[in-house]
Amino acid sequence: MTNRTEDPSHNEQASNLEKDPNDWATGDESMTGAQASYLRTLCEEAGVDFDDSLNKADASKMIDELQHKTGRGENH
């Protein structure tokens, strides 16, 4: 049986998926179109105002918050 080592690039990709939005290099840029679209939907469902001035990091945090509030994105 051969001893397999994990692919280091896979570990790096996984850690980037879990990186805090405050630590994103591009977090202060305007949110993406995809973020804006999804966030607008979540805001409507949650009954909160949509803020189109959010940056990428803040939009990501608000998406997480509203997913929790609305039950979207949760695995059941």
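I want to check the label-to-label distance for Asp20 and Arg72. Put each point 7 Å from Cα in the C-beta direction and report it in nm to one decimal.
My value for the distance between the label points is 2.6 nm.
Calculate the translational D of segment 35-76 in whole µm² s⁻¹ from Stokes-Einstein, where the hydrodynamic radius comes from the Kirkwood formula applied to all Cα pairs, the temperature is 37 °C and the viscosity 0.692 mPa s.
Working: Rh = 10.2 Å.
The diffusion coefficient I find is 322 µm²/s.
Quick one: length gained pulling Glu29 to Asp52 fully straight, 0.36 nm per residue minus the C-alpha distance?
In short, 7.0 nm is gained.
Relative contact order for segment 14-69: what is it in percent, counting Cα pairs under 8 Å that are at least 6 residues apart? The partial results should precede the final answer.
On the way: 48 pairs, mean separation 24.4, N = 56.
Contact order relative to length: 44 percent.
Order these peptides, 52-60, 30-38, by their mean beta-carbon neighbour count within 10 angstrom, highest first.
Working: 52-60: 16.4, 30-38: 14.6.
The packing order, highest mean first, is 52-60, 30-38.
Each value in this text was obtained by applying a stated rule to the coordinates, not by laboratory testing. Model, not experiment: these values are computed from the prediction. Methodologically, a virtual Cβ is constructed for each residue, glycine included, from the backbone with ideal geometry; neighbour enumeration extends over all protein chains shown.
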